[in-house]
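Asks: So that we are looking at the same thing, I have put the structure below in structure tokens.
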Amino acid sequence: MSDLFADLPWFLQEHVHSSGWTEWRSIQKTAYEHFTGGSQHILICAGTSSGKTEAAMFPIISSLHREPTKGFGALYIGPLKALIDDQFERIEPILRDSYIPITGWHGDISQSRKRKAVSNPSGILQITPESLQNILVNRQEELPRLFGDLRFIVIDEVHAFMNSDRGLQLLCCLERLERLTGCRPRRLGLSATISDKTVAGEWLSANTGIGTVVVSDDSIGDRRIEIRYNMFPSEKEEEGEYRKKAVTRYYKQLYSDVKNRSCIVFTNSRDSAEKTSRSLGRMAELNGRPGEVFIHHGSVSAELRHNAEEALKNKDRKNTVVATVTLELGIDVGNLDRIVQIGAPYTCSSMVQRMGRSGRRGGTQNMVVYCNDDLAKYWTEIDGISMDLVRSIAMSELVLRDGWVEPAWVPRLPYSLLYHQTMQYLKPGLGARYGELRENVLSMYPFRNITEDDYKWLLKHLVSIGHLERMEDGTYLIGTKGEKVSFNREFCSVFTTGKEFEIKFEGKSIGSIQQIPSVGELIQLAGRVWEVKEVSMKDYHADVVESDGTVNTPWTSGIPGLDTRILRRMRDVLLSIDSYDYLDKEAENCLRHCREMGKELGVSRVFSERSRGFRMYPWVGSRQFDTLKRVLTQIDDVGAIRCRQPYYIDVVTDLSERELRSAIARILNESDGTDLIGNDDDLRIGKYDEYVPDELLVKQFAADQLDVNFQI
């Protein structure tokens, strides 16, 4: 099996034999060649279950076995505790006889295991960015002993980090780690959904002075998508019976798609997951198959999530798990027969990630997408056009035909993170002058677009609000108000997590909800309905008993914006006469109707005339749409505007199309975005934005939330 096999230590060779491998995959061979033949960082891009983990970890383990390190030799950084636990369970048995320890480290790992690792650091440390930040701040004197001989860093699911302040925090941590210990580890990034590999390579290299080589396998095997369409009548009395039959028919169809299959049913919200899980569970019981439907989302207890993951791994029984984004990343759940998606996913990246959970180890990836228009909800369709169906088709075409996913959007002006890293740097209490802060904080890669003047402005503001104190010699120290923030146990994270109310049944946690319940209230959680029997405000929990009935328990969460390319492909789908062999009969009929309505509405024209102005169909992404809406409010001869984001804007005006186009182009050309921000805008998006001066938040909002560089 080539030089790669011969280079492996005996315990990895035994694992290869026992796993029945007969050859290496192309990315594994190529990654090995770059690993042994150079010193660059390596970005490994390939589909789910393509062998990325082995491509990175086998050479690292071999190197650590040949040349043991003094302290931790490798860091594995994952975005989720569950992913770290999953990787630990996969790798730990392989290393059991190798004398290379592997240690998991996050909030759920016991203090005794952490103390053991610190007392005798060695091998591989698996960790989240927040836990790494915690170590950097609270164990600074021990860092050279722990990481002075660190040689490798593996960043899993790179794409999940690149779009967020959390990913930039990780880069800050790695840069600080190198400066404090003198180590120069080689970085290996893993991802299944990287669009722009150049940008991802630059991100991985960030300020190390070492380039990144990309190892990719763009072969994806067979992908199969089926789109089914359902329409639920309104709740008017005369249509009530039709609605009931339509809903029942939908759940019977959904159950037939998962019955006798190992499946994940993905939904776009926790509320939808709860409703779907309960209904499928009832269908399973009616079919004499109780206990085969599970649920997995962020508000369900860790124990129930673990049970769901184990159910999917069960080789003796076919089970279904209804999930949100929590099962989207690469937790190994075995061979799945099918993925079901309720509603169009928000991104093509999500579609690829979710679809890739099926057909593992070379099989066909299989996804069924349900597009459901509920006429009881006002946002279901737009003037007779099912945007959910059109978007599902557009995204399917982008994924199946173009192989496209959204490019990463790296935040340009992360002032919230700059506050966080400044306070973290000053936390040991020795203080620092501006020059030291500039060299050790502002110089880090995430802040490359922030000027010295802006940093001085931030520091001056922090002194004025009591978060910093400035001594006569220019030394900055953390002030009284800053101590309350920076010494809080949650300070190591840069993302906000709202406090939720814990729900317990017979003393065991089943999950949490976002609102405070009342005694006697019904709530839906973990795929069941519960009645609240007792509420304790002291420890923020409620005791419940199982009940029956129908109830909605809402959760709120952010919704990612749509990319312009998705909107443009939606327009193409509406204007095209192409047929799509993955649509069922109802979806075909609906698409035919949507195209007829599109012609009638004039969706092919950006400016469709109306009696008092225009209806604009710009077909641009969410950021551009919001920018356009703001531009229109600055045109003197434009009256009221009304919009359905990101699809159309109704404009009341006496201007001609030419005059309106000219005015829009002029404002976009002259604007830097800051003049488009109003007093009603909530500029505080990041966790620590409340401590950043408004003038900087305006710059941040314009840079990261708006886009003036587009045309209509």
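Asks: Considering only protein heavy atoms, what per residue accessible area in square angstrom results for the range 14-55 with a 1.4 angstrom probe?
Replies: Spelled out: the 1.4 Å probe surface of the range 14-55, per residue, equals 47 Å².
Asks: Continuing with this model, one more query. Just order 278-287, 16-25 by mean Cβ neighbour count inside 10 Å, highest at the front, would you?
Replies: Ranked by mean Cβ neighbours within 10 Å, highest first: 278-287, 16-25.
Asks: Over the range 227-322, with the other protein chains present, what is the accessible area per residue in square angstrom, probe 1.4 angstrom?
Replies: With all protein chains present, the range 227-322 gives 49 Å² per residue.
Asks: Simple spin-label model, 7 Å along Cα-to-Cβ: THR496 to ARG644 in nm?
Replies: Placing both labels 7 Å beyond Cα along the Cβ direction yields 3.0 nm.
Asks: Let me ask you something else. Kindly state, to the nearest 0.05, the FRET efficiency for VAL247 paired with GLU534, given R0 = 30 Å and r defined as their beta-carbon distance.
Replies: 0.30
Asks: Moving to a separate point now. Run the simple label-point estimate for ASP680 and GLU303 please: 7 Å along Cα→C-beta, distance reported in nm.
Replies: The modelled label-to-label distance comes out at 4.8 nm.
Asks: How many angstrom separate the Cα center of the range 457-527 from the Cα center of the range 120-146?
Replies: If you average the Cα positions of each part, the centres end up 23 Å apart.
Asks: Same structure again: Measure off, as a whole percent, the carbon and sulfur share of the 1.4 Å-probe accessible area of the range 520-595, all protein chains present.
Replies: Summing carbon and sulfur atoms, their accessible area is 46 percent of the total for the range 520-595.
Asks: Charges on Cβ only, +1 for Lys and Arg, -1 for Asp and Glu, centred on the Cα centroid of the range 481-631; of TYR617, SER579, THR496, which one is farthest towards the dipole's positive end?
Replies: Value computed over the given set: TYR617.
Asks: If you don't mind, there's one more thing I want to ask. Take GLU600 and SER19, extend 7 Å from each Cα along the Cα→Cβ direction, and tell me the distance between the two endpoints in nm.
Replies: Inter-label distance under the simple model: 5.8 nm.
Asks: I've got another one for you. Which lysines, on any chain, are close to LYS533 with Cα under 17 Å apart, when same-chain ones fewer than 8 places away are left out?
Replies: LYS504, LYS508
Asks: How much length is gained on full extension from TRP457 to GLU141, taking 0.36 nm per residue of separation minus their Cα-Cα distance?
Replies: My answer for the length gained is 110.6 nm.
Asks: Here is a follow-up. What FRET efficiency, computed as 1/(1 + (r/R0)^6) with R0 = 25 Å and r the Cβ-Cβ distance, is obtained for GLU439 and LYS481, rounded to the nearest 0.05?
Replies: Plugging the Cβ-Cβ distance into 1/(1 + (r/R0)^6) gives 0.45.
Asks: How many angstrom lie between the C-alpha centres of the range 297-318 and the range 644-712?
Replies: 44
Asks: Highest mean first, what order results for 587-598, 37-48 on Cβ atoms within 10 Å?
Replies: 37-48, 587-598
Asks: Expressed in nm to one decimal, what extension gain is obtained for the pair LEU375 and ASP548 from 0.36 nm per residue of sequence separation less their Cα-Cα distance?
Replies: Gain in length upon complete extension: 59.7 nm.
Asks: Something else: Would you grab the residues whose amide H sits under 5 Å from the one on LEU188? Only those 5+ places off in sequence or on another chain, please, with H modelled 1.01 Å from N.
Replies: ILE42, ILE153, VAL154, ILE155
Asks: For the range 122-236, give the percent of accessible area contributed by carbon and sulfur heavy atoms, probe 1.4 Å, rounded to a whole number.
Replies: Carbon with sulfur: 42 percent of the solvent-accessible area.
Asks: How much length would be gained if the chain were fully extended between GLN711 and SER110, taking 0.36 nm per residue of separation minus their Cα-Cα distance, in nm to one decimal?
Replies: Extra length available between GLN711 and SER110 comes to 210.9 nm.
Asks: First compute the accessible area of the range 279-379 with a 1.4 Å probe, then give the percent of it belonging to carbon and sulfur atoms.
Replies: In the range 279-379, the share of accessible area belonging to carbon and sulfur is 48 percent.
Asks: Oh, and also: 5 Å is the cut-off here: which amide hydrogens, built 1.01 Å from N in the peptide plane, fall below it relative to VAL368, excluding neighbours closer than 5 in sequence?
Replies: GLU226, ILE339, VAL340, GLN341
Asks: Using mean Cβ contacts within 10 Å as the protection proxy, how do 116-122, 410-416 order, highest first?
Replies: Answer by packing, highest mean first, reads 410-416, 116-122.
Asks: Among PRO446, MET570, ALA56, whose Cα lies farthest out toward the positive end of the dipole of the chain, if unit charges sit on the beta carbon of Lys, Arg (+1) and Asp, Glu (-1)?
Replies: The residue sitting most towards the positive pole is ALA56.
The values are calculated or read from the model by the stated rules, or taken from the named source; none is laboratory data. Just so you know, these numbers come straight off a predicted model, no measurement behind them. Positions of Cβ are generated from backbone atoms using ideal geometry, with glycine treated the same way; all protein chains shown enter the neighbour counts. Heavy atoms of the whole protein, side chains included, go into the accessibility calculation; ligands, DNA and RNA do not. Shrake-Rupley method; radii C 1.70, N 1.55, O 1.52, S 1.80 Å.
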